[in-house]
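Engineer: Mind looking over this structure? Questions follow.
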Amino acid sequence: MKNVRHLIEPKDLSNSEIMELVNMGIQMEENPQDYVNLCKGKILGSLFFEPSTRTKFSFDSAMLRLGGNLMGFTDVNTTSAKKGESLGDTIKIMGAYTDIIVMRHPKEGAPKLASEYSTIPIINGGDGGHQHPTQTLTDLITIKKYKNTVSNHTIALCGDLKFGRTVHSLIKTLARFNTKKFYLISPKELSLPKSIVNEIKLNYDIEIEETSELEAVMDKIDILYMTRIQKERFFNEEDYIKLKNSYILTNEKIEPAKKDMIIMHPLPRVNEISKEVDDDKRAIYFEQARLGVYVRMALIAKLLGAI
Amino acid sequence: MKNVRHLIEPKDLSNSEIMELVNMGIQMEENPQDYVNLCKGKILGSLFFEPSTRTKFSFDSAMLRLGGNLMGFTDVNTTSAKKGESLGDTIKIMGAYTDIIVMRHPKEGAPKLASEYSTIPIINGGDGGHQHPTQTLTDLITIKKYKNTVSNHTIALCGDLKFGRTVHSLIKTLARFNTKKFYLISPKELSLPKSIVNEIKLNYDIEIEETSELEAVMDKIDILYMTRIQKERFFNEEDYIKLKNSYILTNEKIEPAKKDMIIMHPLPRVNEISKEVDDDKRAIYFEQARLGVYVRMALIAKLLGAI
Amino acid sequence: MKNVRHLIEPKDLSNSEIMELVNMGIQMEENPQDYVNLCKGKILGSLFFEPSTRTKFSFDSAMLRLGGNLMGFTDVNTTSAKKGESLGDTIKIMGAYTDIIVMRHPKEGAPKLASEYSTIPIINGGDGGHQHPTQTLTDLITIKKYKNTVSNHTIALCGDLKFGRTVHSLIKTLARFNTKKFYLISPKELSLPKSIVNEIKLNYDIEIEETSELEAVMDKIDILYMTRIQKERFFNEEDYIKLKNSYILTNEKIEPAKKDMIIMHPLPRVNEISKEVDDDKRAIYFEQARLGVYVRMALIAKLLGAI
């Protein structure tokens, strides 16, 4: 097997590689015209074994803005996997048709397995509740762009901290960059798994405070990271209804916050942030989605050896 | 919000803008090689909340022939809208991924609503039974190309004039360009809504004659615009069967028509025009579909500020 | 109708045309950078009336590597065919939107019918159990590349020889190039149709031996062409289970084979070739899939008149 780089989880990247991608992404966002031919003639294969237009479109846009091309599937039922083909075989063939693969799969570990068969770079676009490394890169480029550095912030994460893959990846990665303090805000039923809390406490000197009160911490934080409480995580409708409204952000709730605090969200949102908040300067979640294109451009270019 | 132009309905365009698009489209059709890089690096996002390959392919082809790129969805079930995301949020995000959007939606008014959130141009690719402005532009470029002018014609519209969104847009727009006379040919049950007839009579000095007899007017008209009688518009099968064959065009029926009359149809047709008619020089409905690509090229280029 | 070339079945191509495509494909594989703009601005329309990502992706990759563009559908339910449009009409319209069409259809003869209405080249991407000419070209470029010539080989075809369209096209085409001998290896229930055997015996001086024993011929052959025994070909599950394992290739079974024998398979495989065989130098089925892209590049370029 050739020496091919993949991105399966954030820890595949060193701290300096992460910052290289973040900085390159910011450069690309500021001077997009300098990169319009960087990946000309290259093909991105999108293998979405589970639909996710948000992630797919962000990669599509990134590859097109680098001058590259797209092919792939969003419906596994139309593929040879349906005829009993193994993942390894599918990946080997796609390696003949494309130059780089982004893959989303409902099974944890599938992208890792795929990378073992692949002759071309594989990017994990999300595997079950496991990893979603390019969302983490998206979060980091946004923090860097809006707060000048990814380090030394007081960061509140709010909502479903138990099942949210986005949050797990983000917390573990932020911890590597000297976060000052984490506030973990969730209903008890949806609190961050103890294993992650312990992992951070063991390895880093970062203060962690768990609470179910969002408003109490509002004036203390630099970054508020909101997440959606997913209906599909609940066993009964009643629990869902009770909890889903517990952390709805409104203009009133953010009133006491610092003037330069930023509000982030991986999107899509349902109603965890009121529409009225969109017009507040601190609400940068749509900017976050936009910046995600540029850090993915940097990632694709790096893995293809174009930069 | 920036000063962004959208096309939601034909009246968003002035008469001179319509003719600018028609004439530019004809120029593009005659010299396609001059425009192959006009939208290089730009991305068209196709948001089809309801399938319509005909409209989608026409836009796809237009954007590709301008050197641009494509992304989008044709199945709303694979999108974040499924997770409860609002249309406004979807549009804001797509504005970060693409440069111009064509949108089809089953709900009337959805493209208008979308345009209120959008930072990039939105083209209405059809909203319910409401508007379909690029079909109207397609009809106009065809009339201009084959009859030298869009004005002063005697025009028969035949078939389902009640539910056909295509026909409503077309009649109202043609009225703005000094049509000489409209024959409205339909079964009584499917006649043009009175409100539209009155609107034209009130604003323009155009003769309108309503009839259920196609053959009686055949020798009087310059343009015959046929439409499909859609099965899905009927409450019972019996009515459908009785009516669907009432206006089947045959070589025999068009025998008395003028030699330079043109037969148009928005397509797809089922059996309202016999295949034998395809070989008649007056049958230009496939040409009409082809010309639709070029007027869409002009529209995309104009909205992107490329011309 | 203009003088347009189509590829509906292998015999649409003369022997010298087949070798022209094979040799051009090899040249394209060896110097891909020389062809990256060959079909710039051209559009491939993929009309998949039945899903087949393998074939679709191979064509997609071929067109993109020639600098061309893609559009099309993989789900007939989203198309105008669903509204009762005839195949002829669909093809005429697609001829206005694209420059060349690849079409897959569940009905035998559909691509042939389509070609009668088309003003642009049509490539048959598989019609029912009938023809699949580009798979045959893929097989031939692989044999040429790995055995220097497509002639004078002793070739064993193993598995489902009754229903396998791939095999029928391949045998008939190989026969045109002086194959030395065919071993036809299958269970009696899935043997090659007598009509094909007789056609070859009548027209060519090629030895044909039918057997159900794979191992007995292993040391005699230059090329072993394996095929999948498709579950969907069986009327009852019991027959399927009994037969599907009859020709599983293992390292032990290929031990007696010549050192320069090659093992081919149209893919996807299920378990008819053990994974352990993949590492054997003689196993070239993934190479075969890769080479299929280049012979399709040659075909597209030829039909578009670009070479």
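The values are calculated or read from the model by the stated rules, or taken from the named source; none is laboratory data. It should be emphasised that the depicted structure is a prediction, and the values quoted were computed from it without experimental measurement. Cβ sites come from the backbone with ideal geometry, for glycine too, and all protein chains shown count toward neighbours.
Engineer: Among (1) farther than 22 Å from C:Gly292 by Cβ; (2) in contact with a Lys or Arg (Cβ under 7 Å, 6 or more places away or on another chain); (3) acidic (Asp, Glu), which single condition is C:Asp160 missing?
Structural biologist: C:Asp160 satisfies all of (1) farther than 22 Å from C:Gly292 by Cβ; (2) in contact with a Lys or Arg (Cβ under 7 Å, 6 or more places away or on another chain); (3) acidic (Asp, Glu) except (1).
Engineer: Out of curiosity, is C:Ile223 away from chain A (no Cβ under 11 Å) and touching a residue at least 12 places away in the same chain (Cβ under 8 Å)?
Structural biologist: yes
Engineer: Shifting gears a bit: In the stretch C:65-86, what count of residues is obtained for those that are modelled with pLDDT of 75 or more and either among the β-branched types (Val, Ile, Thr) or part of a helix (DSSP H, G or I) (or both)?
Structural biologist: The total comes to 2.
Engineer: Say whether the condition of being under 19 Å from A:Ser115 (Cβ atoms), among the acidic types (Asp, Glu) and in contact with a strand residue (DSSP E or B) (Cβ under 9 Å, 6 or more places away or on another chain) is met by at least one residue in the stretch A:13-33.
Structural biologist: no
Engineer: Go through C:Leu303, C:Leu249, C:Leu291 for me and flag whichever is more than 30 Å from C:Asn23 (Cα to Cα) and either crowded, with 22+ Cβ neighbours inside 10 Å or touching a strand residue (DSSP E or B) at 6+ places or on another chain (Cβ under 9 Å) (or both).
Structural biologist: Going through C:Leu303, C:Leu249, C:Leu291 in turn, just one is more than 30 Å from C:Asn23 (Cα to Cα) and either crowded, with 22+ Cβ neighbours inside 10 Å or touching a strand residue (DSSP E or B) at 6+ places or on another chain (Cβ under 9 Å) (or both): C:Leu249.
Engineer: Another question about this same structure. Can you confirm whether the stretch B:182-194 contains a residue that is at pLDDT below 95, part of a helix (DSSP H, G or I) and surrounded by fewer than 18 Cβ atoms within 10 Å (Cβ to Cβ)?
Structural biologist: Looking through the stretch B:182-194, at least one residue is at pLDDT below 95, part of a helix (DSSP H, G or I) and surrounded by fewer than 18 Cβ atoms within 10 Å (Cβ to Cβ).
Engineer: Return the pair list, or none, for Cβ contacts closer than 8 Å from residues in the stretch A:52-72 that are facing chain B (nearest Cβ under 9 Å) to residues that are of a type in the set (Asp, Glu), at least 6 apart or on different chains.
Structural biologist: A:Leu70/A:Asp60
Engineer: Here is a further query. What do you reckon, is A:Lys258 within 20 Å of A:Glu213 (Cβ to Cβ), assigned by TED's automatic domain parsing to the domain that holds A:Lys144, free of Cβ contacts under 8 Å to residues at least 12 places away in the same chain and surrounded by 12 or more Cβ atoms within 10 Å (Cβ to Cβ)?
Structural biologist: In short, no.
Engineer: So in the stretch B:7-46, with the set limited to residues that are within 14 Å of another protein chain (Cβ to nearest Cβ) and part of a helix (DSSP H, G or I), which one is nearest to B:Arg176 (Cα to Cα)?
Structural biologist: Only one residue tops the list, namely B:Gly25.
Engineer: Now, a different point. Scan the stretch C:171-199 and report the pairs whose first residue is in contact (Cβ under 8 Å) with a residue 60 or more places away in the chain and whose second residue is of a type in the set (Val, Ile, Thr), with Cβ atoms within less than 6 Å and a gap of 6+ or a chain change.
Structural biologist: Listed pairs, sorted by first residue: C:Thr173/C:Thr136; C:Phe177/C:Val150; C:Ile185/C:Thr211.
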